[in-house]
1. Which helices (runs of 4 or more DSSP H) does the range 192-270 wholly contain that include 1 or more residues that are over 17 Å from the mean Cα position of the chain (by Cα) and at pLDDT 95 or above?
2. Go through 25, 42, 71, 33 for me and flag whichever is without any contact (Cβ under 8 Å) to a residue 40 or more places away in the chain, assigned to a helix (DSSP H, G or I) and touching a helix residue (DSSP H, G or I) at 6+ places or on another chain (Cβ under 9 Å).
3. Suppose we filter the range 48-68 for residues that are part of a helix (DSSP H, G or I) and crowded, with 16+ Cβ neighbours inside 10 Å; how many remain?
4. When the residues of the range 97-132 are filtered to those that are more than 21 Å from the chain's Cα centre (by Cα) and buried (at least 16 other Cβ atoms within 10 Å of the Cβ), which remaining residue is nearest to residue 274 (Cα to Cα)?
5. Is it the case that some residue within the range 174-181 is closer than 18 Å to residue 67 by Cα, in contact (Cβ under 8 Å) with a residue 12 or more places away in the chain and either in contact with a strand residue (DSSP E or B) (Cβ under 6 Å, 6 or more places away or on another chain) or buried (at least 24 other Cβ atoms within 10 Å of the Cβ) (or both)?
6. Looking at (1) over 15 Å from the mean Cα position of the chain (by Cα); (2) in a helix (DSSP H, G or I); (3) farther than 18 Å from residue 27 by Cα, which is the only condition residue 187 fails?
7. Can you tell me which residues in the range 133-184 are over 13 Å from the mean Cα position of the chain (by Cα), closer than 15 Å to residue 82 by Cβ and assigned to a helix (DSSP H, G or I)?
8. In the range 111-145, what residues are without any contact (Cβ under 8 Å) to a residue 24 or more places away in the chain and closer than 30 Å to residue 270 by Cα?
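The values are calculated or read from the model by the stated rules, or taken from the named source; none is laboratory data. Every value quoted in this text rests on a predicted model; they were computed, and no experiment measured them. Positions of Cβ are backbone-derived with ideal geometry, glycine not excepted, and every protein chain shown enters the neighbour counts.
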């Protein structure tokens with residue numbers, strides 16, 4: 001039976017272990033650059049494609065611009081090594097030789113890495129709003145941020161879960177990063193091609209394929225949530241950062257597709273971890 005205190009201990013362990021990796025520190029530094037330099041550049045450009053009426057909502061540029069690539073890729077980088085690096089270093093065998101349950105270890109590792117991702121996500125939102133306020137004045141519509149945070153967190157869970165699963169299955173960090181990144185970028189590229197072919201031919205099969213790719217609901221859900229809660233002026237900002245349109249037609253369908261990918265990924269990772277042998281240190 002799971003013990004919350006043991007799970008919490010493994011969560012703290014995973015967060016500390018992940019922070020010690022230079023990749024996480026690089027992600028934090030990159031977040032600072034993404035959420036400050038663009039606002040500074042826009043404010044000093046003299047003329048801008050964004051009208052003055054959109055300035056009170058320009059915070060959405062930083063919050064939404066990072067969703068398609070940076071946030072999803074951040075989830076992959078954190079999750080892919082969570083399990084695989086333990087096998088490579090031999091610490092999985094050591095930790096599981098202690099009087100702990102496998103499900104406590106699995107839950108702690110999964111939730112610890114995900115908590116670290118949520119911290120980076122929250123940092124991105126806070127820094128975007130702070131930069132928008134600094135360079136463009138008072139900002140409106142901020143009351144939707146708590147809900148938007150939860151939506152973005154849920155949307156990124158699809159790639160976090162897929163990367164976590166691959167890390168457990170292959171048990172080598174380099175392969176886990178490669179396979180997870182390949183899934184992400186393949187989906188991203190195929191989506192663009194399907195959209196182009198649909199535009200040229202008008203055949204709905206290509207649009208359907210695009211909708212059910214994993215990147216489509218991950219990128220659509222935050223827009224579907226926020227668009228009805230913000231004025232139409234925000235659409236200009238979203239179009240400017242390339243996040244103006246939702247690929248999936250409805251919010252409910254986005255949620256369903258995300259769950260259809262996420263739940264099996266977690267289940268496969270848990271089943272393999274539970275029944276497979278714990279490897280000794282891998283060279």
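1. Filter on the range 192-270 gives 204-211.
2. Just one listed residue meets the conditions, 25.
3. Of the residues in that region, 13 qualify.
4. Here is the first cut: in the range 97-132, the ones more than 21 Å from the chain's Cα centre (by Cα) are 97-105, 130-132.
Subsequent filtering for residues that are buried (at least 16 other Cβ atoms within 10 Å of the Cβ) retains 100, 103-105, 130-132.
Details: 100: 13, 103: 8, 104: 11, 105: 11, 130: 44, 131: 46, 132: 47 Å.
Only one residue tops the list, namely 103.
5. Yes.
6. Failed condition: (1).
7. Within the range 133-184, 165, 166, 167, 168, 169, 170, 173, 174, 175, 176, 177, 179 qualify.
8. Matches in the range 111-145: 119 only.
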